[in-house]
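Worksheet: one structure, shown below.
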Ligand code: ACO
């Protein structure tokens, strides 16, 4: 999907993000499982992550992040006509977290829904929003990526619990006809690789019972090494694909925002498309892997700290359970 042949496209007019207050350090994790600050830093690059308390739900973080996005875009809640929430940790199965947020924020002229694309959900959401704006069906679309992965983490499994964090990021998309906006997008999934990263129970196939809870079947299971290899290849390919579709060289990128899962994955992906690390946004040392929230939190930080300036070319790319992956190229 590229800009060719269609002048109307979406641009990101505002961003916002939110995390819980509580910071969980690697040293604290050393007291929970058999691990060390040194191992976590060396293998993942993560130092701290934010973890929500028992009173918090994903929508609480979403409402804060979305309010900041609307404020920065100077758009009133009643002017939003669509809300997409990417999450695998909804508040509850029914209604969607989107509908809960709609009610709480007064998005009374919108329709809202959730998408489940794991860590790639924000990229999926931006692409869906861009398509609705290009066809003229919607004019102001909120896209949120948010997770409380702490709720689906097995705190006795050192191979996963050191990696994840909670957070939310949001972006408002509006139509534009100038040079700004979404230049090209690419989405893919491969369900044949679902067993590398999954949650065994809690759905219609295997509803929860005492046994599933005792066996931690409500929590993420991951073959870290396999995910690692597929992530590098798929994110590299997706990142290159959107550049090729737009006829743009990677040397023209001002900023590259990859999904924040592992510093080694980020470095290997950047090397694949020949982007130097000084153009790569990295904040996973502070947030850990926040899945669908990782790219929009990084985008919001980059925008607010001036790392991203009007006219810059920024590319976002992600990879997650499913497997799902995709990339978006934006003229900021
Ligand atoms: N502390 C200490 N040792 C550990 C820990 C830990 N927290 N976790 C694993 N180890 C041990 C293992 O048991 C293993 O020991 P062994 O050699 O005696 O068997 C050793 O460390 C090496 O384990 P590997 O799994 O080979 O380590 P690797 O270098 O692959 O790093 C990691 C593991 C960090 C999980 C990495 O594979 C990774 O980041 N994978 C990708 C994760 C990812 O990108 N997920 C994205 C999607 S997440 C989502 O969608 C929600």
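The values are calculated or read from the model by the stated rules, or taken from the named source; none is laboratory data. Remember, predicted model here, so these are calculated numbers, not experimental data. Note that each Cβ is placed from the backbone with ideal geometry, even for glycine, and that neighbours are counted across all protein chains shown.
Computed values, structure above
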{"quantity": "Some residue of the stretch 205-219 being touching a strand residue (DSSP E or B) at 6+ places or on another chain (Cβ under 7 Å) and within 14 Å of the ligand (Cβ to nearest atom)", "calculated": "no"}
{"quantity": "Residue 126 buried (at least 18 other Cβ atoms within 10 Å of the Cβ), within 19 Å of residue 13 (Cα to Cα) and in the same structural domain as residue 26 (by TED's automatic domain parsing)", "calculated": "yes"}
{"quantity": "Failed item in (1) within 16 Å of the ligand (Cβ to nearest atom); (2) farther than 29 Å from residue 191 by Cα; (3) in contact with a helix residue (DSSP H, G or I) (Cβ under 6 Å, 6 or more places away or on another chain), with residue 275 passing the rest", "calculated": "(1)"}
{"quantity": "Residue in the stretch 305-326 that is in a helix (DSSP H, G or I), more than 15 Å from the ligand (Cβ to nearest atom) and farther than 12 Å from residue 239 by Cβ present", "calculated": "no"}
{"quantity": "Hey, residue 286 away from the ligand (no atom under 15 Å from the Cβ), touching a residue at least 24 places away in the same chain (Cβ under 8 Å) and not assigned by TED's automatic domain parsing to the domain that holds residue 321 or not", "calculated": "yes"}
{"quantity": "Among the candidates 159, 185, residue that is in a helix (DSSP H, G or I) and touching a residue at least 60 places away in the same chain (Cβ under 8 Å)", "calculated": "159"}
{"quantity": "Test: residue in the stretch 290-297 that is in contact (Cβ under 8 Å) with a residue 40 or more places away in the chain, within 14 Å of the ligand (Cβ to nearest atom) and either farther than 25 Å from residue 166 by Cα or outside any helix (DSSP H, G or I) (or both)", "calculated": "yes"}
{"quantity": "Members of the stretch 23-54 that are more than 9 Å from the ligand (Cβ to nearest atom), within 23 Å of the chain's Cα centre (by Cα) and closer than 27 Å to residue 91 by Cβ", "calculated": "23, 24, 48, 49, 50, 51, 52, 53, 54"}
{"quantity": "The stretch 248-270 - residue that is buried (at least 21 other Cβ atoms within 10 Å of the Cβ) and not in a loop (DSSP other than H, G, I, E, B) and, of those, farthest from the ligand (Cβ to nearest atom)", "calculated": "255"}
{"quantity": "Any chance residue 107 is over 16 Å from the mean Cα position of the chain (by Cα), more than 16 Å from the ligand (Cβ to nearest atom) and buried (at least 24 other Cβ atoms within 10 Å of the Cβ)", "calculated": "yes"}
{"quantity": "Residue list for the stretch 207-246, restricted to those being farther than 25 Å from residue 185 by Cα and not in a loop (DSSP other than H, G, I, E, B)", "calculated": "210, 211, 212, 213, 214, 221, 222, 224, 225, 226"}
{"quantity": "One residue from 100, 84 being in contact with a helix residue (DSSP H, G or I) (Cβ under 7 Å, 6 or more places away or on another chain), closer than 22 Å to residue 330 by Cβ and not in a loop (DSSP other than H, G, I, E, B)", "calculated": "84"}
